[in-house]
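Since the structure comes first, as structure tokens, the remarks are kept for the end.
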Amino acid sequence: MGQDTLTFHFALDEVEVRGVSPRRNIEKIQIGAEQLDVHEMSRLPTLFGEKDILKSLQLLPGVQAESDGSSGYQVRGGTSAQNRVLLDDATIYQSGHLMGFFSSFNGEALQTATLYKGQVPAQYTGGTASVLDLTTRNGHFQKYHGGVSIGLLMGKIQVEGPIWKNKISFKIDARRSYADLIVRLIPRFRKTTLNFWDINARVSYSINAQDKLYATFFMGRDNLGLHNVVAMNWGNIAGTVHWQHSINDYWSNHLSVVYSDYALMDGFDYNEETYSMQGWIRQAHIKDQLTWEPNDNHHVIMGYKFNWYDVASGEWKIRSLYEKDESMGLENSLWLNDDWQIIRPLSLSMGLRVNAFTTIGEATHWTIEPRLSLNYKIMERMSLKTGYGLTSQNIQAIRNLDLAMPFDRYLITGAGIKPQTAHQVSLGYTYLTPDDKWELSVEGYYKHLFDVADYKDGTSFTSDIRLENLVLSGEGRAYGAEFMVRKTVGDFTGWAAYTLSWTQNRIAGINYDRWYYASQDRRHSVNIVLMYTLPKGWSIAATWVYNSGQAMTIPIAKYHINGYTYFYYSDRNAYRAPDYHRLDLSADWQTETKKHLVHAVNISIYNVYNRYNPFIIQFANSSGSSTATQWALFGIVPSVSYTFKF
């Protein structure tokens, strides 16, 4: 129910039916789930003109960007570290390039994208804020296709086609930035390294009508360096193998083996001061999932997963000091999820997941996670939904900054560290107009989190190699309401969304043990998206974004003692940065020749009215009163790109 994109894999000729069913949100059971149209999202204007699925997510209600231009996103009061991102079932960490300004995912490689921000089906876990499930596209089984794209800061290439016609296909998509090639034209920066690249590859094999086999590979890397002084590189590697087997008309099985590896390395060498650090998350799993569909109104999923983890929160060498913090863990999971239309107006999704996480050499932590979502169709075009879910997270990123940058350290469940858990309840209402063109929706939620970890006051990620010595744990809560008006049919489409929300934490030893607003708290958020299809291959789009200012802690007094100045700070996050808003525009033109050659041009303008939104606010000491300086990252940024496909 509620499917809006149909893809017939491994057929004689792959057929893709694009388009959004106007009734998808009336019919679907899961509350807070967004099935994204990857093609539609690619039409939206973005920074530097690069089509970016993660930045498009930020335009949905309840989702916001971490900072100006960042692909890091926050869902319903969570941090980006509380999102789980899956690519063909492989977990991707730090899913951003160039300090988060580009996402790690090439839009040309993606087939589907589903964001779960409310009730999450039982087959998913690992993110207390959201789960984003991405899948890649098959290559064409009959014909060869390819393309080249040249943009302001990067180039892309893609190629696909049959290896064995109608049986085996391949698809390869690759990107590489060339900002460093431009920077090196300046003599003083000729030895500077500043680039990123990624590659997606997929091979699909249609064995027979009952058995399908496919393997995927992803690798992305960022490199940053300045002469022989500073060097940093980080990125992900992921490989998956999937076997889909249809047992009969009612039963099917999906077996997958997955490996992923996120690694960070950085070093500094200046005036005989040397420092190097690295960290990693390596994990492998085998998963078997059985599906039973006795009829069109009943869909049952049950499965088992074994996961192995190797997590190094830090391994560093500072001068002659060498220290390392590494832990290994094993996780066993069982789940059952049942989507069932009991009677015509009432559908439910009920599930249960049991996790057993063991840090090797320590005790096992158990979590039992019930999931429930109800959809009651009041009328043919009107539905009322409610849901409850408990999710857990055994690997937590401890933020040194409030941005998705590669300076996080990762905390694994173990002695003295419990899994982070989140209880969420939500209630929603959806109405579709009689002409099926306009959709109105409202959704409210309340979420309570336990064992939320954060740095102690006065510490940072390098204060101690043992990460558990640096953090305190407490609780958090987030609640709010999301409103949306959306048009999905016709040449003119888009939506307007408003979110009212609160996010607070309470951690013993911080802010006098009182509740305080989290740094990601935003009281008001507005997103307006307009898209219009014109004749002769043209389309235009505009987006306007508004967010309340970020919560922040500032110095409210200072003291001079023995020639030194000491600041006295306000309560944690008691003040607000200035509000954030900007307007983006884009125009796309595409034409296809008689020989089926496609030429496409994109023109984008980011931050049209050149507002300098706050990125960093610094407080400087002076002989009199202290002054605050606001630093902006981007003003107006025009861009253009050209794509050729065959």
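The values are calculated or read from the model by the stated rules, or taken from the named source; none is laboratory data. Source: prediction; values computed, not measured. As a convention, Cβ positions derive from the backbone with ideal geometry for all residues, glycine included, and neighbour counts pool all protein chains shown. Each accessible area value is taken on the protein alone, full model and side chains, heavy atoms only, with ligands, DNA and RNA left out. Shrake-Rupley method; radii C 1.70, N 1.55, O 1.52, S 1.80 Å.
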Most to least accessible of 572, 188 (protein chains only, probe 1.4 Å): 188, 572
Accessible solvent surface per residue of the chain, calculated while the other protein chains remain in place, 1.4 angstrom probe, Å²: 44 Å²
Square roots of five times the Cα gyration tensor eigenvalues for the stretch 165-293, Å: 44, 19, 7
Solvent-accessible area, 1.4 Å probe, carbon plus sulfur percent, for the stretch 307-368: 64 percent
Per principal axis, descending, Cα span of the stretch 557-646 in whole Å: 81, 22, 22
Efficiency of FRET between residue 464 and residue 179 - r from beta-carbon atoms, R0 45 angstrom, step 0.05: 0.80
For the stretch 346-445: rounded, prolate or oblate by the Cα gyration tensor [a/c cutoff 1.5]: oblate
Loop sites in the stretch 507-604: chymotrypsin sites (Phe, Trp or Tyr not before Pro), DSSP, at most 16 other Cβ within 10 Å: 515
Residue-count net charge about residue 220 - beta-carbon cut-off 12 Å; Lys, Arg +1, Asp, Glu -1: -1
Residues residue 257 and residue 554, FRET efficiency given R0 of 45 Å [Cβ-Cβ distance, rounded to 0.05]: 0.35
Of all accessible heavy-atom area on the stretch 501-600, the percent that carbon and sulfur account for (1.4 Å): 59 percent
The stretch 414-516: C-alpha pair distances exceeding 18 Å, %: 64 percent
Rg/Rh for the stretch 94-231, where both radii come from Cα atoms and Rh is the Kirkwood radius: 1.08
Listed candidates (i) 30.8; (ii) 34.9; (iii) 37.0 - label of the one calculated as mean projected area of the Cα convex hull in nm²: (i)
Net +/- balance of residues flanking residue 135 in space, Cβ distance below 9 Å, scoring K and R +1, D and E -1: -2
Cα-based Kirkwood hydrodynamic radius, the stretch 246-393, one decimal, Å: 19.2 Å
Reciprocal mean inverse distance between Cα atoms of the stretch 487-646 - Kirkwood radius, Å: 19.9 Å
